[in-house]
Amino acid sequence: MTFIPQEIIREKRDGGRLSDEAIAGFVAGIGEGTVTDAQVAAFCMAVFFRGMAMPERVALTQAMVRSGVTLDWRDLNLPGPVLDKHSTGGVGDVVSLMLAPMVAAAGGFVPMISGRGLGHTGGTLDKLESIPGYNATPDRDLFRRTVRDIGCAIIGQTADLAPADKVIYGVRDVTATVETIPLLTSSILSKKLAAGLDGLVMDVKTGSGAFMPEFPRSKELAESIAAVAGGAGLPTVALVTPMDQPLANAAGNAVEVRWTVDYLEGRYRESRLHGVTMALASELLVLGKLAPDLDTALGKLERVLANGRAAEIFQQMVTALGGPADLMEHPDKHLPRAPLVRPVLADKAGVVTKVDTRAVGMSVVALGGGRTRAADPVDHAVGLTDIVALGDAVEPGQPLAMIHARDEAGFDAAAAMIAKAVTLGAGGAVIGALVQARITG
């Protein structure tokens, strides 16, 4: 059956509902070169204004999955479920680095395909690449072997997984259609479905550092992801969690890896990040039938942290993918450190009542630790630690954060941004629940 791209665009432009066959034909045409970038842009804008019904979103997601290869783990005879977690991104969000080895220690297998940071949000791959020798883009054999033998591997997206998504996302990025919920849903899920998962947990952020700051929009995205994943046959739970302050009290690349080492080794566990990590990981254990309920799952996760098994698996993953064999024992020996570490100080007394989390993330970019374009280099050593949290009481001259900078100019730029990002007031801060909504697919 022949599909004419402009007729499909016209149908959606006029508010029509596209058939599964029409969507499949359009997406197939992207890979075949019969659909141009201009037509993809027109399609994205039509979806932006007209939306997509849930069956259309399922069809689009599945067509994008079929545009490339799909990983199949059945030939490895894994003795547990294949599980993964995905976040819509934030500041100080180091959950993936802890969750993957924890779930693996509890009996799951986690082939986590992650991305790089862009704009104010940090990227899991940038964090891991601060570890000397870590190969974030291994060949498929090494990836599969690491998952089989160790239980988890965190890598970057390969070119043959949902390649239509790369084309569509590139067009969305330059046509102001990135935040279109149907297209955002299909972008996220096409890669996860291509990874051959048995269960997925989504962390959809809301608040000042979130991609979608308003709670109703965040909840709408979570509902879309859960519904489409369920429609495509992937059991999914989506949690909406707050990003109205950095999730950890560290933001950057090497500083977040160091935070991960301390967390897994039990030296320091900040309550907000620990709570969100445990909530997401518990959902995965229940989805994978590794625990009958969330309370049992929590107990299992606490045990793999307490007995050191999660830390051991993280070290084994790092070693298998080319990193140092003694990272957990000697992190300061391997992780890059900024030459200038100095506090930015409060100029008055007060309680932290608000944090502009996006501005905090952009201060890391100003230091060189993030990027505004995909091709920008990243300084893995710079970042922030000891960031104040909502509700903290601060006196004049006390630190709002420790800045890890490459030079004085970087420090000055970041310090000015942090001073503006943190609001000190006389009253108490409003601190929301760690999980603000839970949606099942």
Practice prompt. Using the Karplus curve 6.51 cos²θ - 1.76 cosθ + 1.60 with θ = phi - 60°, work out ³J(HN,Hα) for each residue of the stretch 29-42 in order, rounded to whole Hz, and write x for Gly and Pro.
Written response: x, 4, x, 7, x, 8, 10, 7, 4, 5, 6, 4, 4, 5
Worksheet item: Any idea what the relative contact order of the chain is, in percent, if you count C-alpha pairs under 8 Å spaced at least 6 apart?
Response: 20 percent
Worksheet entry | Alpha-carbon Debye profile of the chain, log10 I(q)/I(0) at 0.06 Å⁻¹ | -0.25
Item to complete: Give me the compactness ratio for the stretch 169-275, meaning the Cα radius of gyration over 2.2 N^0.38 Å.
Response: 1.23
Worksheet item: Out of the DSSP beta bridges found with both residues in the chain, what percent are antiparallel (nearest 5)?
Response: 55 percent
Worksheet item: Of GLY156, GLY31, GLY207, which is the most mobile in a GNM of the chain whose springs link Cα atoms less than 10 angstrom apart?
Response: GLY31
Discussion item. Under a Cβ-only charge scheme (Lys and Arg +1, Asp and Glu -1), can you give me the dipole magnitude of the chain about the Cα centre, in debye to the nearest 20?
Written reply: 320 debye
Fill in: For the stretch 288-441, projected area of the alpha-carbon convex hull averaged over all directions, nm²
13.3 nm²
Worksheet item: From the phi of every residue in the stretch 348-359, what ³J(HN,Hα) in whole Hz does the Karplus formula 6.51 cos²θ - 1.76 cosθ + 1.60 yield, where θ is phi - 60° and glycine or proline is x?
Response: 7, 8, x, 9, 5, 9, 7, 10, 7, 5, 4, 5
Worksheet, complete the sentence: Applying the gyration tensor rule to the Cα atoms of the stretch 108-168 (axes a ≥ b ≥ c; rounded if a/c under 1.5, else prolate if a/b exceeds b/c, else oblate), the class is oblate
Discussion item. Which residue fluctuates most in the GNM of the chain (Cα springs below 10 Å): ALA136, ALA389, ALA375?
Written reply: ALA375
Worksheet item: Looking at the square roots a ≥ b ≥ c of the eigenvalues of the Cα gyration tensor of the stretch 375-441, which shape do they give, rounded for a/c under 1.5, prolate if a/b is larger than b/c, or oblate?
Response: oblate
Practice prompt. For HIS120, tell me the accessible area in Å² from a 1.4 Å probe, rounded to the nearest 10.
Written response: 30 Å²
Response to the item:
Taking a straight Cα-to-Cα line shorter than 28 Å from LYS354, and setting aside same-chain lysines fewer than 8 residues away, one finds LYS127, LYS205, LYS219, LYS420
Practice prompt. Stick to the Cα atoms of the stretch 81-228, pair each with every other, and give me the Kirkwood hydrodynamic radius in Å at one decimal.
Written response: 16.0 Å
Worksheet item: When the helix-only estimate is applied to the chain (DSSP H runs of n ≥ 4, each -39,500 (n - 2.57), divided by the residue count), what is the mean residue ellipticity at 222 nm, nearest 500 deg cm²/dmol?
Response: -14000 deg cm²/dmol
Response to the item:
Rounded to the nearest 10, the angle in degrees between the Cα long axis of helix 215-231 and the longest principal axis of the Cα atoms of the chain comes to 50 degrees
Worksheet item: Rounded to the nearest 10 Å², what accessible area does ILE431 show when all protein chains are kept and the probe is 1.4 Å?
Response: 100 Å²
Response to the item:
With all protein chains in place and a 1.4 Å probe, TRP73 shows an accessible area in Å² (nearest 10) of 20 Å²
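The values are calculated or read from the model by the stated rules, or taken from the named source; none is laboratory data. Please read all numbers here as calculations on a predicted model, not as lab measurements. All Cβ positions, even for glycine, are placed from backbone atoms using ideal geometry, and neighbour counts span all protein chains on display. Note: accessible area is taken over every heavy atom of the protein model, side chains too, but ligands, DNA and RNA are not part of it. Shrake-Rupley method; radii C 1.70, N 1.55, O 1.52, S 1.80 Å.
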